[in-house]
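For reference, the structure is listed below as structure tokens.
Every number in this text was worked out from the coordinates using simple rules, so none of it is lab data. All values reported here derive from a predicted model rather than from experimental measurement.
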Amino acid sequence: MSLIATIVIGFIVGLLARLLHPGRDGLGIIMTTLLGIGGAMLAGYGGQFLGLYRPGQPAGFVGSVIGAIVILFVVSRLKR
């Protein structure tokens, strides 16, 4: 996947995670994109390691959003 596609998908995943996670996050565009990329990496490697899905499957996108929500949850708990 190209760098531009990774950034765009990361931004979309980050936006979805912020919409689904309750509470105020106070993240800008760059941090939202990094959140989405981090969630995609967390879920991508974790899901493939556990054998839940292969690269390119739609479950990977859902897993990326869930991974980004997990990162948001952890960051919100560490801020307190």
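Take the alpha carbon gyration tensor of region 41-80, find the square roots of its eigenvalues, order them as a ≥ b ≥ c, and report rounded if a/c is under 1.5; if not, report prolate when a/b exceeds b/c, else oblate.
Cα axes put region 41-80 in the prolate bin.
Seen against the Cα atoms of the chain and their longest principal axis, helix 29-49 is set at about 40 degrees. Against the chain, whose longest principal axis is taken from its Cα atoms, helix 58-79 shows a tilt of about 30°.
For the chain, the Cα-based Rg and Dmax, in that order, read 12.2, 37 Å. The long axis of helix 3-20 is offset from the longest Cα principal axis of the chain by roughly 50 degrees.
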